[in-house]
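*Asks:* I am attaching a structure below and will ask some questions about it afterwards.
The values are calculated or read from the model by the stated rules, or taken from the named source; none is laboratory data. Keep in mind that what you see is a predicted model, and the values were worked out from it rather than measured. Counting neighbours? That spans all protein chains shown, and the Cβs are built from the backbone with ideal geometry, glycine included.
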Amino acid sequence: MSLPKKHLKFTNAFLLKNNTIIMPNILKNIKWFLIGIVVLVSGCSISPLSRYPDFPEKKKEITSTFILSDFVLMEAVAGDTVKIDVPETKRYAKACMDYFAGKLNEKELHVDRAVLSSVGLLMDRNKKNPVIRSVEDKQSDVSQLYMEYPPYFEHEVFSRDTILSQLLRIVYSSLLGYEKSKDETSQNIPAAVHLGKAFGSRIMAVVFGIGYDSPVSYRAAVERASPKNKYETISFDPVTQFTIMFYLIDVETGDIIWDDRAFMQGGTINMNKLTGMVDKIVAELP
């Protein structure tokens, strides 16, 4: 699901209320999350196929695809802090990637491997956040949780190989938030060629899953703390939301050959919503 440039905003704000962009304080410092948020202002979307008209021909040459992904599920707690539920993030990531792999195979992309590379790899490495790693942690007050720097998980393929880990970071940094316009040349990522050699497939699929959960208790606390006077023109309405970004890269050339994304907000994050987002993304593939 793609948005035309004039209706697409990558900003420090990601909430939309009465056509006003809102930036909650809690996310001002979470650059990794903010870069990936897409705000739909108005208008109809432009399909990825119109931006990548050569893809149907390139698809005929695809013999194998591997998937790499980075997921993070954040929950608002206080101030500019979020807590990271690592087991829950990994559970959603695995289920989402398994579903992605099955759907991509239906499109004859021949997925032969799917790896959750990391949790929060591109989050600010200078900022600690409270982390949940066990059932006991889930029952603990946030003040009792260990404070950790990201990434909160890195697959052993990368944690044991410094070069691969650096290549992964370069590829992810190059992709995050990227969307090709209809008339521009597709971006080339040389690091993807070297990273791809480690997996042996023709195509690298990259999936970013970025979730922000705003519990009812937190929203109520924010509402109580919000100033209310006649001069206040922008209100703060923290909303649960999730973004999935999807990219295909030809590892023989390093060219991005497809990009798309889906976005949801409101309610709660669950697998039905995530699989629905995957369905929207995959449906655009020829």
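*Asks:* If I filter region 107-144 down to residues being in a helix (DSSP H, G or I) and of a type in the set (Asp, Glu), which single residue comes out as surrounded by the fewest Cβ atoms within 10 Å (Cβ to Cβ)?
*Replies:* Glu136
*Asks:* Restricted to region 222-238, and to residues that are assigned to a loop (DSSP other than H, G, I, E, B) and small (Gly, Ala, Ser), which residue is modelled with the lowest pLDDT?
*Replies:* That would be Ser235.
*Asks:* Hey, among the residues in region 93-106 that are surrounded by 15 or more Cβ atoms within 10 Å (Cβ to Cβ) and in contact with a helix residue (DSSP H, G or I) (Cβ under 9 Å, 6 or more places away or on another chain), which one's farthest from Asn272 (Cα to Cα)? So that I can check it myself, show each step before the final result.
*Replies:* From region 93-106, those surrounded by 15 or more Cβ atoms within 10 Å (Cβ to Cβ) are 93, 96-97, 99-101, 103-104; that's our starting set.
Next, only the ones that are in contact with a helix residue (DSSP H, G or I) (Cβ under 9 Å, 6 or more places away or on another chain) stay: 96, 99-100, 103-104.
Details: Cys96: 10, Tyr99: 11, Phe100: 13, Lys103: 15, Leu104: 18 Å.
Restricting to residues being surrounded by 15 or more Cβ atoms within 10 Å (Cβ to Cβ) and in contact with a helix residue (DSSP H, G or I) (Cβ under 9 Å, 6 or more places away or on another chain), the top hit is Leu104.
*Asks:* What is the number of the single condition among (1) within 25 Å of Ile244 (Cα to Cα); (2) out of contact with any Ser or Thr (no Cβ under 8 Å at 6 or more places or on another chain); (3) polar (S, T, N, Q); (4) modelled with pLDDT of 90 or more that Thr162 does not meet?
*Replies:* Only one criterion in (1) within 25 Å of Ile244 (Cα to Cα); (2) out of contact with any Ser or Thr (no Cβ under 8 Å at 6 or more places or on another chain); (3) polar (S, T, N, Q); (4) modelled with pLDDT of 90 or more is unmet by Thr162, namely (1).
*Asks:* Follow-up question, since we're still on this one. Go through region 48-69 residue by residue and tally those that are surrounded by 13 or more Cβ atoms within 10 Å (Cβ to Cβ) and polar (S, T, N, Q).
*Replies:* Counting residues in region 48-69 that are surrounded by 13 or more Cβ atoms within 10 Å (Cβ to Cβ) and polar (S, T, N, Q) gives 3.
*Asks:* Looking only at region 179-192, decide whether some residue is over 30 Å from Lys60 (Cβ atoms) and outside any loop (DSSP other than H, G, I, E, B). Can you show your working first?
*Replies:* Looking only at region 179-192, we keep the residues that are over 30 Å from Lys60 (Cβ atoms), and these are none.
No; the residues of region 179-192 include none that is over 30 Å from Lys60 (Cβ atoms) and outside any loop (DSSP other than H, G, I, E, B).
*Asks:* Does Tyr152 satisfy the condition of being out of contact with any Pro (no Cβ under 9 Å at 6 or more places or on another chain) and of a type in the set (Ser, Thr, Tyr)?
*Replies:* yes
*Asks:* Still on this model: Scanning region 74-92 for residues that are among the basic types (Lys, Arg) and assigned to a helix (DSSP H, G or I), which turns out surrounded by the fewest Cβ atoms within 10 Å (Cβ to Cβ)?
*Replies:* Among those that are among the basic types (Lys, Arg) and assigned to a helix (DSSP H, G or I), it is Arg91.
*Asks:* Also: For region 239-286, which residues satisfy the criterion of being in a loop (DSSP other than H, G, I, E, B) and farther than 15 Å from Lys103 by Cα?
*Replies:* Val239, Thr240, Val251, Glu252, Thr253, Gly254, Gly266, Gly267, Thr268, Ile269, Asn270
*Asks:* Return the residues of region 135-192 that are over 30 Å from Tyr52 (Cα atoms), under 20 Å from the mean Cα position of the chain (by Cα) and not aromatic (Phe, Trp, Tyr); say none if nothing qualifies.
*Replies:* Hits for region 135-192 are Pro150, Pro151, Glu154, His155.
*Asks:* Every residue in region 166-186 that is polar (S, T, N, Q) and touching a residue at least 60 places away in the same chain (Cβ under 8 Å), please. Spell out the reasoning first.
*Replies:* In the first step, residues of region 166-186 are kept if they are polar (S, T, N, Q); the result is 166, 173-174, 181, 185-186.
Across region 166-186, the qualifying residues are Ser181, Ser186.
*Asks:* Looking only at region 261-283, filter to residues that are of a type outside the set (S, T, N, Q), more than 15 Å from the chain's Cα centre (by Cα) and at pLDDT below 90; which one of those is farthest from Leu175 (Cα to Cα)?
*Replies:* Gly267
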